[in-house]
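I have placed the structure first, in the form of structure tokens, so that the comments after it can refer back to it.
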Amino acid sequence: MSSVLKTIPNSTTSPPCHTPKDNSNYSKSHNHFIFFKQPRTPSLLHSKLNIFCRSSVGVSSSLANTTHNVTADQNAKICKFCEMGDLRNAMESLIRSTRHELGLNTYCSVLQLCAERKSLEDGKRIHFIIVSKGIPIKGALGAKLVFMYVNCGDLVKGREIFDEILNDKVFLWNLMMSEYAKIGNYRESLGLFNKMQKLGIAGDSYTFTCVLKCFTALGKVKECKRVHGYVLKLGFGSSTAVVNSLIAAYFKFGGVESAHNLFDELSDRDVVSWNSMINGCVVNGFSRNGLEIFIQMLILGVGVDLTTLVSVLVACANIGNLSLGRALHAFGVKAPFSGEVVFSNTLLDMYSKCGNLNGATEVFVKMGETTIVSWTSIIAAYVREGLYDDAIGLFDEMQSKGVRPDIYTVTSIVHACACSNSLDKGRDVHSYVIKNSMVSNLPVANALMNMYAKCGSMEEARLVFSQIPAKDIVSWNTMIGGYSKNSLPNGALELFSDMVEQLKPDDITMACVLPACAGLAALDKGREIHGHILRRGYFSDLHVACALVDMYAKCGLLVLAQILFDMIPKKDLISWTVMIAGYGMHGFGNEAISTFNKMRIAGIEPDESSFTAILNACSHSGLLNEGWRFFNSMRNECSIEPKLEHYACMVDLLGRAGNLSKAYKFIESMPIKPNATIWGALLSGCRIHHDVKLAEKVADHVFELEPDNTRYYVVLANVYAEAEKWEEAKKLRERMQRRGFKQNPGCSWIEVRGKFNIFVAGNTKHPQAKRIDTLLRKLKMQMKNGDFSTKLKYALINADEMEKEVIQCGHSEKLAMAFGILNLPPGRTVRVAKNRRVCGECHEIGKFMSKTTKREIVLRDSNRFHHFKDGLCSCRGFW
């Protein structure tokens, strides 16, 4: 495209016009681009065209034999019809007068009327008559034919005639350039400008206005700057239209200061100048500056038009200035602009973004004409307010009224389905997307992936992902985040590895993949990603910093998590909550309380999640009095009504502390109906304190609420086993077998040299199975000879000693700990993760291993962390 400007002469004087030697058609581009709204110039072009026609007719001789009185009367009659706008009679008179030689002015007048009425068929009939009479198509007649075809929408035919006639009239070139720009064919428009330059036809202010808008739409910033220099040389620097286009161009490319300078230097500002400044500020994120310019505009008494109001309403929406938005609403009604659809749509959006759903709904209801934009805006308003079901209802109503959703409507409603967990409705929308060939649209595909991920269907999300031909960073981040949130960390890490081979991850990627590392306790992979973050400076992003703190806390490196937490300059509620939860899961309840108090001193008010974190911390550390204090504080000081998760924490705290009867009464006094999690917490307390009678009573509640949850059957079976009630344990096991229950096997894993080694209970196929078995048997013999209790009663049935020993050696966490001791360098901490709660005997052998091997062993189970060191555990029995 730079070739267009290479033909611009350095001299400020325009070269003389000359007749081209070659009038053949030049290459035409068919690329289409988005064209932004521009000031209308056709009326000026039309007026110049009419002046040219009249002057040309004045100097041109009439057709042969036009001196006859009948012919003169016919010319006058037809022209009179044209003046009256009566196209039908003008055409009938012209057709009846084919035996007469009518004047060129007559043909031009009728062609002008055809153009104004957009009657292409009548225009073609006149063109046929002209050709059949052998009248030369040139000068004013040729120009008028071009104008007629272009104005009636047949740009191809208009261009054909344009290329055939020899003309040096700049207004006709401007007309063609403008029409190509209107349909988004900016390259063709610029090609005409190039041809103008080669023919030596000097452009005017309208030429350069169009050229600037074309380069702006194509994103050619360097070319715009070169045109700027050229128009200054030609003396168009004071042209308001040209300067307005320059202002718009600089704003488009982010040159806010340059645009301001041009505006300040412009002496003859029109409403377009002011609108360009207001809109440019708003689009570039300076909405407040846009409002200041609007106020200045009002003070100077400049007339406000529809474009002004729309831009200012968008500014109000961006900064949430509802009061000014309402004032503009009233002004627009009085103007009146209330009948304009674009005004109503912008108003609707303003009320929505300012949080006034009633205002948005009122505007929508009162709209005489609604468009797809109107429906999309009102749907988005309901989605923004969290009324997802109502938004989905509006989507259905819109379709019933025959309004076809576009990609923006679909994206908005898919988001509503995601937030409301409406998987079936989301699938329906997906079907609509496929039927209407929208699936290739990247924002729609990304929204569908997000919906499926939030609804827990990662298989369907992956299917959409696999069908995207050119994925962007949002596509990858959506999938990685989806796998992490759906507890599929392996999928997230595998996809991350694929991504880094094709695309550079950003800060959002890091925040999405770190939870996967945390979920797997993949410390080595987490450290690797930490390196990415440091090299690219992403730690300054608060979401990334919080994810790093959480990852290290869940991988067992609480000290490093604390160091990173202290490095966060401006902590928010989420970062404080992450650190409190980190202390809690490691059993450092007092440190969690201290952090909670520091958060309050820093002026951060706790929410439901932070109270859940501190109550869990109290439970895992046996801090009963502190737990009650926080529970009461939540209600009385922070006016937060406890939810099920808070009641579950208190039941767990009471149960672990041995206050089983008090916990039962607490559940009965709850203002909301307890769920299986709450009864399950008490059942676990009964297991810890061997209360068989209460356990059976509590189990009835649990089995009634969740009859198919095997976890609670296992807990009750352990209660029986620990109380040595083998017959009851056997009956419960038979009951589970009759119901077809199959307990998911517990598994543990350990990361050694970047590779995960997974162990399943009873699995003897591991390459080092014999070495592990030998080490465990050796440790067991040492335990028997020492002061450690082996706690053999954790088996579900009363088996003999040999069977119990096999069961002991098959527990997955013991296998993983033994593998770590055998394969990690001396002194290295052994870090093991397990998908279920650690059993009593494995807890005991973990303590014994740490003392015997003089190593620290960090075991993370589904409940919390256990730091085994020197024969002791950090949980102090609260697990």
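Where a number appears in this text, it was derived from the coordinates with a stated rule and is not lab data. Keep in mind that what you see is a predicted model, and the values were worked out from it rather than measured. When we count neighbours, we look across all protein chains shown, and the Cβ atoms used for this are built from the backbone with ideal geometry, even at glycine.
The order of Glu459, Glu728, Glu223, going from fewest to most other C-beta atoms within 10 Å of their C-beta, is Glu459, Glu728, Glu223. Taken over the chain, the percentage of Cα pairs per 10 Å bin, counting from 0 up to the bin with the maximum distance, is 2, 9, 13, 17, 16, 11, 9, 8, 7, 5, 3, 1, 0, 0.
Here the dipole of the chain is about 1880 debye; that uses its Cα centre as origin and unit charges on the Cβ of Lys and Arg (positive) and Asp and Glu (negative). Within the shell defined by Cβ-Cβ distances under 12 Å, the residues around Asn835 carry a net charge of +3, with Lys and Arg each +1 and Asp and Glu each -1. Give, as a single signed number, the net charge of other residues whose beta carbon lies under 15 Å from the beta carbon of Pro606, with Lys and Arg counted +1 and Asp and Glu -1. Residues near Pro606 contribute -2 overall. For region 413-563, a simple Cβ point-charge model (Lys and Arg +1, Asp and Glu -1, everything else neutral) yields a dipole of about 120 debye relative to the Cα centre.
Between Ile758 and Leu232, 0.36 nm times their residue separation minus their Cα-Cα distance comes to what?
Details: separation 526, 0.36 × 526 = 189.36 nm, distance 7.34 nm.
Net length gain for the segment: 182.0 nm.
Can you bin region 483-568 into rounded, prolate or oblate? Criterion: square roots of the alpha carbon gyration tensor eigenvalues sorted a ≥ b ≥ c, rounded for a/c under 1.5, prolate for a/b above b/c, oblate for the rest. Numbers along the way, then the final one.
Values: a/c = 1.90, a/b = 1.24, b/c = 1.54.
Oblate.
A crude spin-label estimate for the pair Lys851 and Cys638, with each label 7 Å from Cα along the Cβ direction, gives 4.0 nm. Region 832-858 and region 645-712 have Cα centres spaced 27 Å apart.
Loop-located chymotrypsin sites (Phe, Trp or Tyr not before Pro) in region 657-754 (DSSP state not H, G, I, E or B) with no more than 14 neighbouring Cβ atoms inside 10 Å: Phe741. Only Cα sites of region 283-339 enter the Debye sum here, all with the same form factor; the resulting log10 I(q)/I(0) across q = 0.22, 0.30 1/Å is -0.86, -1.37, listed in q order. If you take all other residues with their beta carbon under 11 Å from the beta carbon of Asp305, and give Lys and Arg +1 and Asp and Glu -1, the sum is -2. Given in Å, the Rg to one decimal and the Dmax to the nearest whole number for the Cα atoms of region 80-203 are 15.2, 45. Do the sum for the chain: with -39,500 (n - 2.57) for every DSSP H run of n ≥ 4, divided by all residues, what is the mean residue ellipticity at 222 nm, to the nearest 500 deg cm²/dmol? Computed mean residue ellipticity for the chain: -21000 deg cm²/dmol. Cross-link partners of Lys118 among aspartates and glutamates, defined as those whose alpha carbon lies under 14 angstrom from its own and excluding same-chain residues fewer than eight positions apart: Asp86, Asp154. Going from the fewest other Cβ atoms within 10 Å to the most, the residues Arg831, Arg876, Arg753 appear in the order Arg753, Arg876, Arg831. In the chain, the longest principal axis of the Cα atoms and the axis of helix 170-182 are about 30 degrees apart.
Please report the relative contact order for region 74-130, taking Cα pairs under 8 Å with a sequence separation of at least 6, and give it as a percent rounded to a whole number.
35
What does the extension gain come out to for Asp163 and Lys665, with contour length at 0.36 nm per residue minus their alpha carbon separation? Between Asp163 and Lys665, full extension yields an extra 171.3 nm.
Computed from Cα positions, the angle between helix 357-366 and the longest principal axis of the chain comes to roughly 40 degrees.
The angle between the Cα long axis of helix 542-554 and the longest principal axis of the Cα atoms of the chain comes to about 20 degrees, rounded to the nearest 10.
A Cβ-based charge dipole, computed about the Cα centre of region 193-302 with Lys and Arg at +1 and Asp and Glu at -1, lands at about 580 debye.
I need the calculated FRET efficiency for the pair Glu121 and Thr361, taking r as the beta carbon distance and R₀ as 60 Å, to the nearest 0.05.
Working: r = 46 Å, r/R0 = 0.76.
That gives a FRET efficiency of 0.85.
Once Rg and the Kirkwood radius are both taken over the C-alpha atoms of region 652-792, their ratio Rg/Rh works out to 1.06. How big, in percent, is the set of alpha carbon pairs in region 256-375 lying more than 16 Å apart? The share of Cα pairs beyond 16 Å in region 256-375 comes to 59 percent. Across region 164-256 the C-alpha pair distances fall into 10 Å bins from zero in the proportions 17, 52, 27, 4, 0 percent. So which lysines can Lys471 reach, going by Cα to Cα under 28 Å and dropping same-chain residues fewer than 8 places off? Output for Lys471: Lys220, Lys252, Lys425, Lys435, Lys454, Lys485, Lys504, Lys525.
Note on Lys770: lysines with a C-alpha under 22 Å away, same-chain residues under 8 apart excluded, are Lys755, Lys778, Lys780, Lys784, Lys804, Lys814, Lys834.
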